[in-house]
Amino acid sequence: MTTNVAKQYAIALFSLASEKKITDDIFTDFKQLLSGFNDLVWRFFLNPRIEDDDKKNLFEKSTDNKLLNDFLKTVIDNKRIDSLQDIFEAYKYLLNDSKNIAEINVYTKTSLTKANKEKLINKFSNKFNKKIIINEVIKPNIVGGIRIDYRGQVLDQTINAFLDDLKASLIG
């Protein structure tokens, strides 16, 4: 879940990108940049002993997008690098919202069938009046059922959730 700080940064970046009509370019470059972040890279950027200029230089070598580069430098200057993933998620939401798209995360034990996927898309497109993108997440530890997550709202109809509720009621 994104923080208010991350949302404010994302709004600022999205506004500037909208003015220049490069919202999709920013998204693509930002996503590509973050895909290269592993534990070692995060430790580098979060290490207070490493000079901010060294961090900025690394970003400058990582992307040719001037707006994104300037934005990342501001994030470093303001000591908000730890919010970078949340900023990206908030930016992605703003971009999707501008295109009338809703992304829904669906957690299941196995892949959804095409028919089930279409049912979910139809149900949620009618509910939200948006184009629906389903991100399937396979979780082998789910006994059965489905868990749906949309912007922090969770509908958990897994057997695991039922068993947890049953256990809590028996203990409590």
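Values for this structure:
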quantity	calculated
Output for region 109-119, where each listed residue is hydrophobic (A, V, I, L, M, F, W, C), under 19 Å from residue 159 (Cα atoms) and in a helix (DSSP H, G or I)	none
Of residues in region 150-172 being among the hydroxyl-bearing types (Ser, Thr, Tyr) and outside any helix (DSSP H, G or I), the one surrounded by the fewest Cβ atoms within 10 Å (Cβ to Cβ)	150
Residue ranges of helices (runs of 4 or more DSSP H) in region 1-104 with at least 1 members within 29 Å of residue 154 (Cβ to Cβ) and outside the structural domain of residue 122 (by TED's automatic domain parsing)	4-19, 23-35, 39-46, 84-98
Identity of the residue in region 66-89, of a type in the set (A, V, I, L, M, F, W, C) and farther than 15 Å from residue 18 by Cα, that ends up nearest to the chain's Cα centre (by Cα)	88
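One line per residue, one yes/no per condition, for (1) surrounded by 15 or more Cβ atoms within 10 Å (Cβ to Cβ); (2) of a type outside the set (D, E, K, R):
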{"site": "53", "(1), (2)": "no, no"}
{"site": "57", "(1), (2)": "no, yes"}
{"site": "62", "(1), (2)": "yes, yes"}
{"site": "66", "(1), (2)": "no, no"}
{"site": "80", "(1), (2)": "yes, no"}
{"site": "134", "(1), (2)": "yes, yes"}
{"site": "148", "(1), (2)": "yes, yes"}
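The values are calculated or read from the model by the stated rules, or taken from the named source; none is laboratory data. Remember, it's a predicted structure, so these values are computed and weren't measured experimentally. All Cβ positions, glycine included, derive from the backbone under ideal geometry; neighbour counts span all protein chains shown.
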